[in-house]
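We did not get these values from a lab; they are worked out from the coordinates using the rules stated. Note that this is a predicted model, so its numbers are computed, not measured. Cβ placement follows ideal geometry from the backbone for every residue including glycine, while neighbour counts extend to all protein chains displayed.
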Amino acid sequence: MTESQTKPQGKKPIRGLRWYIIGMIFLVTVVNYIDRMTLSVLAPTIRETFDLTNVDYSRIVFMFLLAYTISQSAMGKFLDKVGTRTGFIVFVSIWSVASMLHAAARNGIQIALCRFMLGIGEGGNWPGAAKVAAEWFPVRERALAMAIFNGGSSIGAVIAPPLIVWITLTFGWKAAFFVGSILSSIFLVFWIVFFRNPHQHPRLSDEERILIEENSATETENTTIPQRTWFQFFRIRHVWALVLTRFFTDPVWWFYISWLPNYLKNERHFSLELIGLLAWIPFLFADLGNLLGGATSSWLIKRGWKVDKARKIVMYSGLLLMPAGVIAVFTESNAIAIAGISTTVFAFQFFNINLLTTPSDCFPKRDVGSVAGIGGTAAGVGSMLFTLAVGYVVDNFSYTPVFVAVSMFGPVGAVIVRVVMRKIERVA
């Protein structure tokens, strides 16, 4: 049963309510990434505690990505059926419990099982957020709305290193896994009390409802037509463009959020304290790229550019700048290495926020969760395969081939957008 579309009456409207809503999605994404980054920050400590190789660690990351990949499609379809309010309640509850269970793990296998459960819960965040943006924002504001919530990933990655290192040095590594769980539980209370969809929310003004629905002429949904199945989606080139682009580009992001602390410790001999002091810097630049990428395309659309041109000019710019990080393995300077990595993650988010907006640009609202979930599944598969390769290559060779491979993924993505996507437009 879907969420009710009956709007309660009698409460004073909140001006700009849609921005409060996307602010909530931003906050839960911050918490999502603090939860996710805890293992990455503690990887050197946990590897020593449980005597794990790079291959062992890659398999643990793989388990998270496997569950995350399964969850992306499953949760996308689930969200389209039950609605965003119920969907977020379900998967935030799952990842809150999973985070706490890490502290009880006694070996690498148990850590891997906890990561699998965490991935099941966290996989719903992105299709859910994309669906909220489609429900609450007109087309011309969606890239900015997506940039705000997606900025939570970079902000969470900025907060996690110093916070997790401080808690670990003060209370021990097991205590660090309770941070995200506690924050998730607090968020869940506010979500249950405050969030409703636009048709149901008692604090949405008539003026803002008209603004949200300004694209109704192009987004009208014929409810007598059955929803597409997954197989039907794969007959559409926009879906294939999303699938292929995310398959080749998301491994860049997952490499840095999963392996950066390991790289800094093993190749540049950073201590845990120094990781906490410096590992957040690239993710601050990632957040800037995310916000600028969303704001730039939204600004261009407001100035009269077509959605296709505005989105793609930003995507091409980011994709062609992504190879900058390869400089890290060819310099002895820590500052230059971090600058190169910061440039790559800035460029990735500058591009990626516009790619994440394409499901709501091209599909009716009822399909957005499913399409975003399919794209997330492709991203997960590509990232899983690359993660396993990283573990093997680093144990047997070095980080150099990995950084070289990562530098190639951006230009490959640019070719896919040009050849497969061709034009960002509404699907019939």
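Annotations
- In a DSSP loop and with at most 13 other Cβ atoms within 10 Å, the chymotrypsin sites (Phe, Trp or Tyr not before Pro) in segment 383-421 are Phe397.
- For P(r) over Cα pairs in 10 Å bins from 0, in percent, calculated from these coordinates, the label among (i) 4, 17, 27, 28, 17, 6, 1; (ii) 4, 21, 31, 26, 14, 3, 0; (iii) 5, 23, 34, 25, 11, 3, 0: (iii)
- Counted residue by residue at 0.36 nm each, then reduced by the alpha carbon distance between them, the extension gain from Leu284 to Ile182 reaches 34.3 nm.
- Three semi-axes of the equivalent ellipsoid, segment 220-373, Cα gyration tensor, whole Å, largest first: 36, 18, 13
- Neighbourhood charge, 10 Å Cβ-Cβ cut-off, centred on Asp308 and excluding it, Lys, Arg +1 and Asp, Glu -1: +4
- For the chain, the membrane-span-like helices by this rule, meaning whole DSSP H stretches whose C-alpha atoms cover at least 27 Å of axis and whose Kyte-Doolittle mean is -1.0 or above, are 17-50, 54-82, 139-171, 173-194, 237-266, 281-302, 334-362, 365-396; this says nothing about an actual membrane.
- Residue pairs exceeding 20 angstrom between C-alpha atoms, taken from Lys77/Lys309; Lys306/Lys423; Lys77/Lys312; Lys81/Lys131; Lys309/Lys423; Lys77/Lys365: Lys77/Lys309; Lys77/Lys312.
- Sites Val415 and Val189, calculated FRET efficiency, Cβ-Cβ separation with R0 45 Å, nearest 0.05: 0.45
- Arg142, Arg106 arranged by Cβ crowding within 10 Å, fewest neighbours leading: Arg106, Arg142
- Using the Cβ of Ala337 as centre and a radius below 12 Å, the other residues enclosed give a net charge of -1, where K and R count +1 and D and E count -1.
- In terms of other Cβ atoms within 10 Å, Met315, Met384 run from fewest to most in the order Met384, Met315.
- With the highest mean first, a sort of the peptides 16-26, 52-62 on other beta-carbon atoms found within 10 angstrom per residue produces 52-62, 16-26.
- Taking Lys and Arg as +1 and Asp and Glu as -1, the other residues whose beta-carbon sits under 11 Å from that of Ala378 total 0.
- Summed over qualifying helices (DSSP H, 4 residues or more, each -39500 (n - 2.57)) and divided by its residue number, the chain shows a 222 nm mean residue ellipticity of -26500 deg cm²/dmol.
- When the alpha carbon gyration tensor of segment 112-262 is reduced to an equivalent ellipsoid, the three semi-axes, largest first, read 34, 23, 15 Å.
- Charge dipole of the chain (Cα centre as origin; +1 on each Lys and Arg Cβ, -1 on each Asp and Glu Cβ, all else neutral): 1080 debye, rounded to the nearest 20.
- Likely footprinting exposure, Phe78, Phe351, fewest C-beta neighbours within 10 Å first: Phe78, Phe351
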